[in-house]
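Colleague: Handing you this structure, nothing more for now.
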Amino acid sequence: MFDLQGKKAIITGGAQGLGFSMVEAFHQAGVEVAVIDISDEVLNLSNKLEANDVKVHGIKGNLLDIGNLRQSFNEALEKLGGTVDILINSAGLIERKPALEFSLESWDRILGLNVTSVFELSKLAAIEMKKQESGKIINMGSILSVLGGFNAAAYSTSKGAVLQLTKSLSNEWAEFGIQVNAIAPGYMLTTMNDDLMNDPVRGPQVEARIPAKRWGTPQDVAGVALFLAAPASDYVTGTLIPVDGGVLGR
Ligand SMILES: NC(=O)c1ccc[n+]([C@@H]2O[C@H](COP(=O)([O-])OP(=O)(O)OC[C@H]3O[C@@H](n4cnc5c(N)ncnc54)[C@H](O)[C@@H]3O)[C@@H](O)[C@H]2O)c1
């Protein structure tokens, strides 16, 4: 039920953070992974992973440029031998600023990466998955897919859209054997939250709000991603799974 040996995955934003932790976990589970990321670090992934005989491919690409996105997807597919079983859309951006100070350029950038690239990549992957009558698409939502948050209007709008997109695509593609789900990480220990963690006022407030009384780790997310990629979740689709230490249950 949890065997992923020999499967092929494309993971975006896998050079660091939650994406990298999923690359590590899938690599260990025997999945050949192609990682698309804008950072040079993506070209150095095999040196960072525990050696085994499973291949990992790094592709440097900018998912905000649709031409480059399509080119990167095609390169990833080619490296994986023309098939893809799992797509994880983890690349994402946040900018924390009051709405009154938020520029339209930043709004477009956040919506462009967090929503438009997820739609286009999901479509490209589903074209391949439909042919083989199976596939798993895992999107990174957030607790801000549901909550409004503060000083994160563009981000929470984008993550709300990720949840709706997940449901829409699931409705259309479930009959093709493609499951589309989203993960909603809470407050995780990644560089994305450096400013929040280091804020002497908000940092302790955040921790006090988490029923588990600790920030989440990238590994907390990787475990749920493995479940959503495995046959164990073949009847789970169109849903958002919180990995938040209980925050959304409050
Ligand atoms: N960290 C958290 O607490 C948290 C909470 C909820 C949701 N999330 C979501 O999880 C996902 C991963 O978050 P993270 O903390 O690992 O973020 P991160 O900032 O650590 O990593 C994001 C990755 O995306 C890549 N990237 C950025 N712009 C890109 C572009 N234009 N093209 C290609 N790649 C690009 C970066 O190089 C980086 O490797 C995001 O979608 C984020 O919104 C994170």
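The values are calculated or read from the model by the stated rules, or taken from the named source; none is laboratory data. What you are looking at is a predicted structure, and each value in this text was computed from that prediction instead of being measured. Cβ atoms come from the backbone with ideal geometry, glycine included; neighbour counts cover every protein chain shown. Ligands, DNA and RNA are stripped out before the accessible areas are found, and what is left, the full protein with its side chains, is counted by its heavy atoms. Shrake-Rupley method; radii C 1.70, N 1.55, O 1.52, S 1.80 Å.
Colleague: Take Asp65 and tell me if it is surrounded by 20 or more Cβ atoms within 10 Å (Cβ to Cβ) and either of a type in the set (A, V, I, L, M, F, W, C) or modelled with pLDDT of 95 or more (or both).
Modeller: no
Colleague: Select, from Ala99, Ala51, the only residue that is more than 9 Å from the ligand (Cβ to nearest atom), in contact with a helix residue (DSSP H, G or I) (Cβ under 9 Å, 6 or more places away or on another chain), of a type in the set (A, V, I, L, M) and without any contact (Cβ under 8 Å) to a residue 60 or more places away in the chain.
Modeller: It is Ala99.
Colleague: Suppose we keep only residues that are open to solvent by less than 60 Å² (accessible area, probe 1.4 Å) and in contact with a Gly (Cβ under 8 Å, 6 or more places away or on another chain) within region 159-168. Which one would you say is nearest to Glu105 (Cα to Cα)?
Modeller: Lys159
Colleague: Sticking with this structure for a sec: I'd like the full set of residues that are open to solvent by 20 Å² or more (accessible area, probe 1.4 Å) and either in a helix (DSSP H, G or I) or out of contact with any strand residue (DSSP E or B) (no Cβ under 9 Å at 6 or more places or on another chain) (or both), limited to region 138-155.
Modeller: Those that are open to solvent by 20 Å² or more (accessible area, probe 1.4 Å) and either in a helix (DSSP H, G or I) or out of contact with any strand residue (DSSP E or B) (no Cβ under 9 Å at 6 or more places or on another chain) (or both): Leu144, Leu147, Gly148, Gly149, Phe150, Asn151, Ala153, Tyr155.
Colleague: Looking only at region 117-137, which residues are more than 11 Å from the ligand (Cβ to nearest atom) and buried (at least 17 other Cβ atoms within 10 Å of the Cβ)?
Modeller: Listed by number, the residues that qualify are Ser122, Leu124, Ala125, Ala126, Glu128, Met129, Gly135, Lys136, Ile137.
Colleague: Only one of Leu87, Leu104, Leu45 is closer than 25 Å to Leu163 by Cβ and touching a strand residue (DSSP E or B) at 6+ places or on another chain (Cβ under 9 Å). Can you tell me which?
Modeller: Checking each option against the conditions leaves just Leu87.
Colleague: Right, next: Tell me which residues, restricted to region 181-207, are open to solvent by 60 Å² or more (accessible area, probe 1.4 Å) and either charged (D, E, K, R) or assigned to a loop (DSSP other than H, G, I, E, B) (or both).
Modeller: Leu189, Asp194, Asp195, Asn198, Pro200, Val201, Arg202, Glu207
Colleague: Give region 3-36 a look and list any residue that's out of contact with any strand residue (DSSP E or B) (no Cβ under 7 Å at 6 or more places or on another chain) and within 13 Å of the ligand (Cβ to nearest atom), or say none.
Modeller: Correct list: Gln16, Gly17, Phe20, Ser21, Glu24.
Colleague: Ok, one more. Out of (1) buried (at least 19 other Cβ atoms within 10 Å of the Cβ); (2) in contact (Cβ under 8 Å) with a residue 60 or more places away in the chain; (3) under 22 Å from Asn114 (Cα atoms), the odd one out for Ile178 is which?
Modeller: (2)
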